[in-house]
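Derivation of every value follows stated rules applied to the coordinates shown; laboratory data play no part. Fair warning: this is a prediction, and the values are worked out from it, not measured in the lab. No Cβ is skipped: glycine too gets one built from the backbone with ideal geometry, and neighbour counts run over all protein chains shown.
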Protein chains: 2
Amino acid sequence: MSQQLPQNRHPDRPPSRHRADGSTRLDSYVDRYAARTQGMTASEIRALFSVASRPEVVSLAGGMPNISGLPLDVVGEAIADLVAHRGSTAMQYGSGQGDPRLREQICDVMRLEGIEAHPDDVVVTVGSQQAVDLVTRIFCDPGDVVICEAPSYVGALGVFKAYQCDVVHVEMDEHGLVPSALREAIAHVQAAGKRIKFVYTIPNYHNPAGVTLAAERRPEILEICREADVLVLEDNPYGLLGFDEEPYRALRADEADGVIYLGSFSKTFAPGFRVGWALAPHAVREKLVLAQESATLCPPSFSQMVVSAYLDKHDWLGQIKQFREMYRERRDAMTGALDDMMPAAARWNVPTGGFYVWLTLPDGLDAKAMLPRAVTARVAFVPGTAFFADGFGAQSMRLSYCYPTPERIREGVRRLVGVIEEEVELRHTFGTGLGTARTPGLNRGYDGPTTDLT
Amino acid sequence: MSQQLPQNRHPDRPPSRHRADGSTRLDSYVDRYAARTQGMTASEIRALFSVASRPEVVSLAGGMPNISGLPLDVVGEAIADLVAHRGSTAMQYGSGQGDPRLREQICDVMRLEGIEAHPDDVVVTVGSQQAVDLVTRIFCDPGDVVICEAPSYVGALGVFKAYQCDVVHVEMDEHGLVPSALREAIAHVQAAGKRIKFVYTIPNYHNPAGVTLAAERRPEILEICREADVLVLEDNPYGLLGFDEEPYRALRADEADGVIYLGSFSKTFAPGFRVGWALAPHAVREKLVLAQESATLCPPSFSQMVVSAYLDKHDWLGQIKQFREMYRERRDAMTGALDDMMPAAARWNVPTGGFYVWLTLPDGLDAKAMLPRAVTARVAFVPGTAFFADGFGAQSMRLSYCYPTPERIREGVRRLVGVIEEEVELRHTFGTGLGTARTPGLNRGYDGPTTDLT
């Protein structure tokens, strides 16, 4: 070891965080963060949560499931039984891969969507958010490309950004991801010599777009990815929450090698236990377990065994049916109110499951610029830009109907319409200069999400 | 977008994972993992768990706390009350930073070690393992240096490896980290133009070394890091588990700006809830919350509220006192058995708290090479090499006394001594060529951990 003393500091060292006058800078650590940390910024949804949680605001912003229908007595009894009889196991460290019994039950759940899987290939995660994180961790170097729908889930985009991936958005229409657009995007990226690590897709009751990938498109999407040698990351938190139909067959049901499937109990049971999972090809599963051990040693044993006991002791499918009926009523409240009140120039889709309506404003309006005025009018939404990695989506917004009551949803839409009409009026009076930007490529005549990308 | 079709694949693309004959390679994804994934390999501890969990094996390998003393009735009642009265909150998404009430209680816990902190500066994590992960995530680019004790916690080393950090080990003696060695290491690394992101230290009842940083060394360690402008990551899961003494004053108690403090309920309550925390300077805390949101959206609400209710409703300090007495009895069983049976040429320390004894074998013996023979003799330990990033530690092992009963501990030591004596005998008969290597620098005449580093 060198005998050089620390005061002989290397000239390349950043200056001390301690100033001569003893004060510190606002973030005196700014010089020392990792490069990836520059990409970690508060999402638009996050800033909204504090505003939208005020009781006088109708929040059409959040994605919190309404779990008031859960039978607390049943859950309480299941947990009491768990503590009394298996408490010392439930409170101890468990396997990094997750509880073996729960992984069997997860295979039962996935069977509803046509998936035949072995519990050995399931990794339990701290919500499916952590599954997105771990998959990205093991696959993505900085600069690798992830293909996403346009728009895509804000939480996944945050992960891809934190791992310094390049996100390429691909157009959706009212039937979901457009196969020809996917084929072109893959070819374009590969021709540019960049590595595509996976296509991230939410096939069912999309967040935020509300659309579902048509059954007849699914084999084509798989075939495109297979031919191009690109993995599919199928994120499916809402698959069992269709209103009028049997669950769609998962992409994973027809392709075991090329698909990593993510599931969650957050919307079909409760999010507070943070239990999700990944189903992956065996070799990938091994890497995911190592990544999980590095991230947390193991997912919470107690949470997992509560979910397992709930699945064992409760009519969980009957409970999901109740959830579906409740969410359908709220969907009806929202789309009914939109039909009744929204100006003709706005467009939206009618989701057949899940939590979200994607609404595109009349030309020239900017949802993000409008948000402060909406909050003043006591209604909140998420601006479309949150769901794009590249600043697009300004003319659109996500409206959630999952959490407020039907009455509150109608009141929220009424307030929102008031704000939009005022904006349109102002725009007619003062022209286009009102903090809004005309985004090209938005009028393509369908009520699905508009992608701002061609 | 280019019209190039996917079959015109770019010549640099890796070959398809689908072979012409339809078979797949063992890991057909091997070409696509991120660079960091090459560093994710199964730890020696992990491979051991499956072997050591066989009932006939006395495992002195694991670090599982013995939670059989927890009052299941009290925990069960607290949870029943939680579900009945605050179930819809406990089962819902929560804040990314963690439950506000729990963060207040965490400040009360840290006050026992002299820390005055605000709940705003606490971030709840999925065990303190996740805190190590998130701190490393926000600070470390590939090639950044993390300074660790020699030996250091295997789980933290795994994280540093997964983030492609360079680990530099610094010598400890029976009083913990050696200040002059730390000063030299920092100067050496900085003179080489490399960035040191933090010094990772476990000051109390070290895992795996069993030693504690002497109170009189603590100001000096802080001063060295302050002068060199290097953060300290203070990992303190065992601080309240001292056998005969008041808790040591935390490093964080005397330096708020330059120390990130990590705590855990895994050893003072139960690990199955996976509740740990980081206390960080305000600006760093903000980054940690963003990283937590990206990693999991939020830590499990239910787990957090169970821990909070337990702290509210139970004499948790009295419970920790019981744990301490139980672990002291087991420490006595282990060190007594070592005194009675172990050959004189072996050396070990007598920990004053925590879970671990660090034992160095007679010269020429290799703990890793010996492990299969030990398991055949129905005793397991962790070879010292697991606790070094660089392959050192072959002559040492970690012995845990936390989980087996005193009788089993004595039996385990008896079996271990049998294996060691046989190894010594073989070595005398056949010389040094028996799969062992003489490691230089191991005889420095103290019973603390030997570092293999000078």
- Query: If you count the DSSP beta bridges with both ends in the protein assembly as shown, what percent of them are antiparallel, to the nearest 5?
  - Reply: 50
- Where the only charges are on Cβ atoms (+1 Lys, Arg; -1 Asp, Glu), what is the dipole of chain B about its Cα centre, to the nearest 20 debye? 1600
- Message: Taking θ = phi - 60°, what integer Hz values does the Karplus form 6.51 cos²θ - 1.76 cosθ + 1.60 yield along region B:381-393, in sequence order, with x for Gly and Pro?
- Response: 8, 10, x, x, 4, 5, 9, 10, 7, 10, x, 6, x
- Task: Could you tell me which of rounded, prolate or oblate describes chain B, using a ≥ b ≥ c as the square roots of the eigenvalues of the alpha-carbon gyration tensor, with rounded for a/c under 1.5 and, failing that, prolate when a/b is larger than b/c and oblate otherwise?
- Result: rounded
- Note on the structure: Kirkwood-based Rg/Rh on the Cα set of region B:82-228 evaluates to 1.04
- region A:107-142 to region B:107-130: how many Å between their Cα centroids? 32
- Query: What nm distances, shortest first, do you get from the label point of B:Arg86 to those in the other copies when the point sits 7 angstrom along Cα to Cβ?
  - Reply: 2.6
- Provide the convex hull volume over Cα atoms per residue for the protein assembly as shown, in Å³. 175
- Message: Among DSSP bridges having both ends in chain A, what percentage is antiparallel? Round to the nearest 5.
- Response: 50
- Under 5 Å between amide H atoms, partner at least 5 residues away or on a different chain: which partners does A:Val232 have, H built in plane at 1.01 Å? A:Val199, A:Val259, A:Ile260
- Item | chain A - mean residue ellipticity at 222 nm from DSSP helices (-39,500 (n - 2.57) per run, n ≥ 4, rounded to 500) | -12500 deg cm²/dmol
- May I ask you to list the residues of region A:195-209 whose amide nitrogen lies under 20 Å from a point 7 Å from Cα along the Cα→beta-carbon direction of B:Asp31? A:195-199
- Query: Over all Cα pairs of region A:201-258, how is the pair count split among 10 Å bins, expressed in % and running from 0 up to the last occupied bin?
  - Reply: 22, 56, 21, 2
- Query: Among all stretches of chain B without exposed trypsin sites (Lys or Arg not before Pro) (DSSP loop, at most 14 other Cβ atoms within 10 Å), which one is longest?
  - Reply: B:26-437
- Item | Under-5 Å amide H pairs with B:Val170, H placed in peptide plane, nonlocal only | B:Cys148, B:Glu149, B:Ala150
- Average partner coverage of A:140-148, which counts Cβ from other chains inside 10 Å: 2
- What is the local net charge at B:Asp73, summed over the other residues whose Cβ is closer than 14 Å to its Cβ (Lys, Arg +1; Asp, Glu -1)? -3
- Query: Counting pairs of alpha carbon atoms under 8 Å apart in space and at least six apart in sequence, what relative contact order in percent does chain B give?
  - Reply: 22
- Item | region B:327-358 versus region A:359-391: alpha-carbon centroid distance in Å | 65
- Sorted largest first, the Cα spans of region B:124-202 on the principal axes come out in Å as 35, 31, 18
- Task: Please report how far the C-alpha centroid of region A:198-270 lies from that of region A:83-101, rounded to the nearest whole angstrom.
- Result: 31
- Task: Put a label point 7 Å from Cα along the Cβ direction on B:Gln38, then list its distances to the equivalent points in the other copies in nm, shortest first.
- Result: 2.4
- Whole-Hz couplings from phi, Karplus 6.51/-1.76/1.60, listed for region A:341-358; x for Gly and Pro: 10, 6, x, 4, 6, 7, 10, 7, 10, 10, x, 9, x, x, 10, 10, 10, 9
- Message: For a quick check: with amide H placed at 1.01 Å from N, whose amide H comes under 5 Å from A:Asp141's, ignoring anything fewer than 5 positions away on the same chain?
- Response: B:Ala35
- Message: So if a site counts as exposed when it's one of the GluC sites (Glu not before Pro), its DSSP state isn't H, G, I, E or B, and it has at most 13 other Cβ atoms within 10 Å, what's the longest stretch of chain A without one?
- Response: A:246-454
- Query: Whole-Hz Karplus ³J(HN,Hα) for region B:308-319, in order, using 6.51 cos²θ - 1.76 cosθ + 1.60 and θ = phi - 60°, x for Gly and Pro?
  - Reply: 4, 5, 4, 5, 6, 9, 10, 6, 5, 5, x, 5
- Query: If R0 is 25 Å, what FRET efficiency do you get for B:Asp244 and B:Val74 from their C-beta distance, rounded to 0.05?
  - Reply: 0.35
- Note on the structure: Final fewest-first order of B:His188, A:His85 on the 10 Å Cβ neighbour count is A:His85, B:His188
- At what distance in nm do the modelled label points of A:Phe430 and A:Glu325 sit from each other, each positioned 7 Å from its Cα along Cα→Cβ? 4.9
- Note on the structure: Label points for A:Pro71 built 7 Å along Cα→Cβ; distances to same position in the other copies, nm, shortest first, come to 3.2
